[in-house]
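First the structure, in the form of structure tokens, and then the observations on it.
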Amino acid sequence: MKTIVAPSLLSCDFSRIKEEAEYLNESAAQWFHLDVMDGVFVPNISFGLPIIEAFRKHTEKTLDVHAMIAKPDDFIQDFKSAGADILTVHYEACTHLHRTIDAIKQTGMKAGVALNPHTPVSVLTEIIHDLDMVLIMSVNPGFGGQKFIPHTYSKVRYLRSLIDQVEQEILIEVDGGVNLENAPILVKEGVDVLVAGSTIYKSEDPKETIVKLGGG
Ligand code: DX5
Ligand code: ZN
């Protein structure tokens, strides 16, 4: 499978949403990654539903919403209505994860679960077959521009073997500190979706960087 590159819009210029969307529409990025933060689950506030809606108006590409919020269950239908295609919730925020995943799928969205760096992949053993995607956080969530945690490689390797056992298409996404050096290693370990903020938006030619990361 070809690597999916999902630029993290946390690093874009929100005064130019239309232009930012149009730029990515013409790029090799397959998905748009949207980081919703509530200042409770993570020590930062980013943006919410109106921004997702705004991007939805300007793209047909997949909107990949990463909910870093304490109560994702309360907003599942709202994310769907705003235009999300994939909703990823944090394992650490969901007491009744099975119910949450079920509710996400009921809306027609794809369901993902994100794991913080300290959370072992093994917590997913009994629910992996219900998921469309697992997001391995390679930094502590909350901010762009942080340093990649190398232990991520072994988590990806373990997750790959878990998914291979269930023989279903479940995507592996990695988010945080992804750059041109670690991207090929992650892909080799079995990652399907690379999220990148700073690496893309701080580069001289973001479109070219998306291609270098493997997009297209
Ligand atoms: C961090 C977010 C990431 C972030 C990635 O909590 O989930 O999506 O925007 O940014 P970089 O690629 O700069 O680490
Ligand atoms: Zn993210």
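Please treat every number below as a calculation from the coordinates, not as lab data. Everything numeric here is computed off the predicted structure, so don't read it as measured data. Here the Cβ is made from the backbone with ideal geometry for all residues, glycine too, and neighbour counts use every protein chain on show.
Computed quantities for the displayed model
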| read-out | value |
| --- | --- |
| Per-residue Cβ neighbour rank within 10 angstrom, fewest leading, 71, 212 | 71, 212 |
| Net length gained if the chain between residue 166 and residue 2 were fully extended (0.36 nm per residue, minus Cα distance) | 57.0 nm |
| Net length gained if the chain between residue 25 and residue 181 were fully extended (0.36 nm per residue, minus Cα distance) | 53.6 nm |
| Theoretical FRET efficiency, 1/(1+(r/R0)^6), r = Cβ-Cβ of residue 77 and residue 129, R0 25 Å, to 0.05 | 0.55 |
| Axial C-alpha extent at least 20 Å, average Kyte-Doolittle at least -0.5 - helices from the chain (DSSP) | 152-166 |
| 25 °C / 0.890 mPa s Stokes-Einstein diffusion coefficient of the range 20-175, Kirkwood radius on C-alpha pairs, µm²/s | 154 µm²/s |
| Cut-off 12 Å between beta-carbons: net charge of the residues surrounding residue 52, Lys and Arg +1, Asp and Glu -1 | -2 |
| Under DSSP loop assignment and at most 10 Cβ neighbours within 10 Å, longest GluC sites (Glu not before Pro)-free interval of the chain | 61-125 |
| Sites residue 151 and residue 107, calculated FRET efficiency, Cβ-Cβ separation with R0 45 Å, nearest 0.05 | 0.85 |
| Net charge contributed by nearby residues that have their C-beta within less than 10 Å of residue 133 (K/R +1, D/E -1) | -4 |
| Ascending count of other beta-carbon atoms within 10 Å, so fewest first, for 136, 69 | 69, 136 |
| Rg ratio (alpha-carbon, reference 2.2 N^0.38 Å) - the range 53-134 | 1.07 |
| Value of relative contact order over the range 108-202, rounded to a whole percent, pairs C-alpha under 8 Å and six or more apart | 28 percent |
| Per residue Cα convex hull volume in Å³ - calculated over the range 1-90 | 100 Å³ |
| Separation of alpha-carbon centers, the range 149-216 and the range 15-58, rounded to whole Å | 19 Å |
| Surrounding net charge for residue 5, when Lys and Arg each add one and Asp and Glu each subtract one, Cβ distance under 15 Å | -3 |
| Extension gain, residue 49 back to residue 207 (0.36 nm per residue minus Cα-Cα distance, nm) | 54.2 nm |
